[in-house]
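Structure record follows, encoded as structure tokens.
Every number here is computed from the coordinates shown, using simple stated rules; none is lab data. Worth saying up front: this structure is predicted, and the values here are computed from it rather than measured. Glycine gets a Cβ as well: all are built from the backbone with ideal geometry, and neighbour counts include every protein chain shown.
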């Protein structure tokens, strides 16, 4: 199972920068593919931000190659950074593709430049996304890690209750799901308040990993994971977490469980 945390591929070129186009040439699709993908990368998003740290805006472009000509899924995502001062271009590529990817810019590491966060929804019923973090400080492209999803476990208990535990903080939260009593009784999960058979909860990877700017100008990441009960559609809780970059990695600052409303 994919965890939603990945390291990408990076590269850099020194080139003469022109006005740019709407697409870049890509390798031709494999023979026998039923619905051939376009042989070009589409421009999905473009922005001007200082990601190289020289105090001047760079042009950052998110490029995507569709799985098929009529598909909403982009099988390959590339990030292109054009530095007009150094006249250099850096390329970074995600490990997986996604649906409707988005860019976020924030200074997480405190090195005087902004990093680029890419969110790529996976399109699954769990509502999860893959996240990628890239740096191009001094025109040195690098893929940085993102926080790993929290390790959440738990099980249903008698009396329409669920016990949830977060491994990283060793905290346990008991949820009262008596407002779902009728649903659970009708579906054979409980019989007169007694659990019919053991049921473990189903935690998901991050569906949200959002930059949050602090008073000192540094950014942290706020994550959210959905927890399902007897079925994927039975959302019983959300687990929020706050992460800060310290030294060379992410450190968990806090985690909290909140019951999902029906």
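With the convex hull drawn over the C-alpha atoms of the chain, the volume per residue is 149 Å³.
With 0.36 nm allotted per residue and the present C-alpha distance subtracted, the residue 231-residue 173 stretch has 18.9 nm of extension available. Calculated on the alpha-carbon coordinates, the convex hull of the range 152-259 measures out at 102 cubic angstrom per residue. Thinking of the range 75-228 as a set of Cα atoms, what percent of all their pairs are more than 26 Å apart? Summing the P(r) tail past 26 Å for the range 75-228 gives 46 percent. By the helix-only formula, in which each DSSP H run with n ≥ 4 contributes -39500 (n - 2.57) and the sum is divided by residues, the chain has a 222 nm mean residue ellipticity of -500 deg cm²/dmol. If the segment from residue 87 to residue 242 were pulled out straight at 0.36 nm per residue, it would be longer than the present Cα-Cα gap by 52.1 nm.
Packing, taken as the mean count of other beta carbons within 10 Å per residue, orders the peptides 140-152, 162-174 from highest to lowest as 140-152, 162-174. With the convex hull of the Cα atoms taken as the outline of the range 50-141, the averaged projected area works out to 6.3 nm².
Were the residues from residue 42 through residue 200 laid out at 0.36 nm apart, the gain over their Cα-Cα distance would be 52.6 nm.
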